[in-house]
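The values are calculated or read from the model by the stated rules, or taken from the named source; none is laboratory data. Treat the numbers as computed from the prediction; the structure is a model and nothing was measured. Note that we place each Cβ from the backbone using ideal geometry, even for glycine, and neighbour counts take in every protein chain shown. Heads up: the accessible areas ignore ligands, DNA and RNA and are worked out on the full protein's heavy atoms, side chains in. Shrake-Rupley method; radii C 1.70, N 1.55, O 1.52, S 1.80 Å.
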Amino acid sequence: MITTNKFQALLGKAVSYFILLSCLAILMIYLVQRFGGDYAEQKIKEQLERSGLAPFVHYENIHLDPFTLTPSLENVIVGDQSAPWLRFARISLNNYLINYPNLSVDFWIQESPINSLSRDTGRLMRAAGIDTLLGKGSFSSNVDGESVTSQFKLDIKDLGKLTVASHINLLDQAIDMADLRADILASLALGQPEALAIIYGDTIELNSLNVQYQDTGLFTHLFPHSTMSQDSQNSHLTGLKFASQAFGLAPADSSEADHIAKTVLTFLNNPNQLSLSMSPSPAISLKKLTLLSNEGSLYQDTTMRIAND
């Protein structure tokens, strides 16, 4: 039988152990946050340097969630600090220290009046009919041997929702995923996507690509119904056929260009959702894709499909 004194002694030990364990847990959380945060910041800085984007990306601080090992860049400015291209409230690399080389990123575009951003961004905003930029998005990329599946989502208030999903094969096992992602990011940020075909033309092949755009205001502003007369529609139809040729999809006088133009025009008349898919069989290299684009036969030779959903 446990006496009152023994019970009090056991309770005192239990409380002491609980306090000790709590202190150890707090210490562990602090160490993970401190040193994990330093490690994450070092890796992020390395990636920015390797991609050549370090001079263009500025952030206030990096916060590490010690429970999910998710580092987040806070108050990120891309471009000139006084007139940036974009402002992000937060960019989070979910479970970065656990899942690498897999990647999962969430980002939030900070609400930004037109006069707080660069001239280039402001010009695009005026053309799109908005005076404040606000949005969010995500990017995920999973590696399984030589196979890499990725998905990018972007939702801009009063403009639209964009989803891009891809499946590629890495033909060279020496390719470093960090370098590949840095090169993709840099080529897009600098407006030079053709650089990817030069660097990785023979070492990456495309299995599939799917793009979906849901309009929430952009095309309604650009192409109001009241101005889409028959003459205007005929003019747009002709222009879209030549655009198909300019982008290397199909010759302007081909049935493929006619289908593309009519599908896009239907979307412009009633903006809702437009989708494009590409699923070449067998998979096709970036170099071959570039050649098909130069030949103007991408639509036919990559099993490309465009639809107004």
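Structural remarks
- Neighbours of ALA83, meaning other residues whose beta-carbon lies under 11 angstrom from its beta-carbon, give a summed charge of 0 when Lys and Arg score +1 and Asp and Glu score -1.
- Once the 1.4 Å probe is applied to the protein heavy atoms, region 211-298 comes out at 54 Å² accessible per residue.
- Base-10 log of normalised Debye intensity for the chain (one unit scatterer per alpha-carbon) at q = 0.08 Å⁻¹: -0.49
- Counting only Cβ charges, +1 for Lys and Arg and -1 for Asp and Glu, the dipole size of region 52-168 around its Cα centre is about 340 debye.
- 4 °C / 1.567 mPa s Stokes-Einstein diffusion coefficient of region 162-285, Kirkwood radius on C-alpha pairs, µm²/s: 76
- Considering only HIS259, ILE198, LEU171, and ranking their Cα positions along the charge dipole of region 164-277 that arises from unit charges at the beta-carbon of Lys, Arg, Asp and Glu, the one farthest toward the positive end is HIS259.
- Value at 222 nm in deg cm²/dmol, rounded to 500, when DSSP H runs of n ≥ 4 in the chain each add -39,500 (n - 2.57): -13500 deg cm²/dmol
- Only one residue of LEU209, SER141, ASN95 has its Cα farthest out toward the positive end of the dipole of the chain, where Lys and Arg carry +1 and Asp and Glu -1 on Cβ, and that residue is ASN95.
- Kyte-Doolittle mean at least 0.5 and Cα axial length at least 30 Å: DSSP H helices in the chain: none
- Residue ranking by accessible heavy-atom surface, 1.4 Å probe, largest first, among PHE56, PHE107 comes out as PHE56, PHE107.
- Rounded to the nearest 10 Å², the accessible area of ASP231 at probe 1.4 Å: 120
- Dipole moment magnitude, nearest 20 debye, region 101-147 about Cα centre, only Lys, Arg, Asp, Glu C-beta charged: 340
- Share of carbon and sulfur in the accessible heavy-atom surface of the chain [1.4 Å probe, %]: 58
- Charges were assigned to the Cβ only: +1 to each Lys and Arg, -1 to each Asp and Glu. The resulting dipole of region 207-309 about its Cα centre is roughly 220 debye.
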